[in-house]
Amino acid sequence: MKFIPNLLTLSNLFCGCLSIVYLFMGELSNAGLLIFLAAVFDFCDGFAARLLHAYSEIGKELDSLADMVSFGVAPAMIAFRFLQSQPIEHFPHLPYIAFLIALCAAYRLAKFNISTQQSVNFIGMPSPANALFWASLLLCLVNTRYQTIITEQQFRLLLNPAVVTTLVIMMSALMVCNISMFSLKFRNLNFKDNSLRYIIIWICIGFYFGIGVATIPVSILIYVLMSVIFVNRKAVTMNNE
């Protein structure tokens, strides 16, 4: 039973690899969905490790290596695809800025592995949140049934090179910044201990009925904003006291 967490981690890695393959093949919906599936396996491997008391150093390192592909390289490839689809005449190499996502994800994962201060809150945005942001944008773009507020043509206009480049820089910076962000993992069901987590869930449910999968990028931005307002304000208040 001790091998189950590592098997789930390898499943996460496999999904990340397949996502990249599907991007090359032009099967964009599958590429986006596989990142979501990778995130499910990423959640399950930690849950299984806690349940089976199967913690190990190799499991910790394997998890980061899998996350690097699924939540670093794969979303970078999605951003690259967005930028490549709308080339700018005088900036032919602009799409390569997308790989800033992979570089910052690698740095963030390496920093996480040696940090002793991220057991309750994260420092910087978790790489899975970044990956789900890009995967949900991809799903919204390729299939209008995933979003109901704007048309596919309007969504394409939103993803012009200037917007995508700004998003690449912003999301990359959030992964490596020193801003504290609360973990979405529940340690118990007490509302007082998990109020921010419950609020995020309610927001997601409410938005889903209106905008479908477009809920995810919106919710991730709200998650970042709530972390900045509540978690960091609390830290500043405690330091002042």
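Before moving on, here are some points about what is shown:
- Leading residue by the ranking (surrounded by the most Cβ atoms within 10 Å (Cβ to Cβ)) among those in segment 35-44 that are in contact (Cβ under 8 Å) with a residue 40 or more places away in the chain and touching a Phe, Trp or Tyr at 6+ places or on another chain (Cβ under 9 Å): Ala38
- Answer residue from segment 5-26, given it is modelled with pLDDT under 90 and surrounded by fewer than 20 Cβ atoms within 10 Å (Cβ to Cβ) and is farthest from Val69 (Cα to Cα) among those: Gly26
- Unmet requirement for Lys2, which otherwise passes all of (1) under 30 Å from Leu158 (Cβ atoms); (2) surrounded by fewer than 18 Cβ atoms within 10 Å (Cβ to Cβ); (3) charged (D, E, K, R): (1)
- Residue among Leu65, Leu33 that is within 27 Å of Ser115 (Cα to Cα), of a type in the set (A, V, I, L, M) and within 19 Å of the chain's Cα centre (by Cα): Leu65
- Qualifying residue in segment 5-15 (condition: over 19 Å from the mean Cα position of the chain (by Cα) and in a loop (DSSP other than H, G, I, E, B)): no
- Residue count for segment 74-106 under the criterion of being within 15 Å of the chain's Cα centre (by Cα) and either more than 15 Å from Met170 (Cα to Cα) or modelled with pLDDT under 85 (or both): the result is 4.
- Close contacts from segment 157-184, counting a first residue that is under 30 Å from Phe47 (Cβ atoms) and free of Cβ contacts under 8 Å to residues at least 60 places away in the same chain and a second that is of a type in the set (D, E, K, R) and surrounded by 14 or more Cβ atoms within 10 Å (Cβ to Cβ), with Cβ to Cβ under 9 Å and a gap of 6+ residues or different chains, come to Leu184/Arg197.
- For Val213: the one exception among (1) at pLDDT below 85; (2) not basic (Lys, Arg); (3) not in a helix (DSSP H, G or I): (3)
- Screening Asn178 with (1) out of contact with any helix residue (DSSP H, G or I) (no Cβ under 8 Å at 6 or more places or on another chain); (2) part of a helix (DSSP H, G or I); (3) modelled with pLDDT of 70 or more gives one miss only, at (2).
The values are calculated or read from the model by the stated rules, or taken from the named source; none is laboratory data. Being a predicted model, the structure only gives us computed values, none of them experimental. Methodologically, a virtual Cβ is constructed for each residue, glycine included, from the backbone with ideal geometry; neighbour enumeration extends over all protein chains shown.
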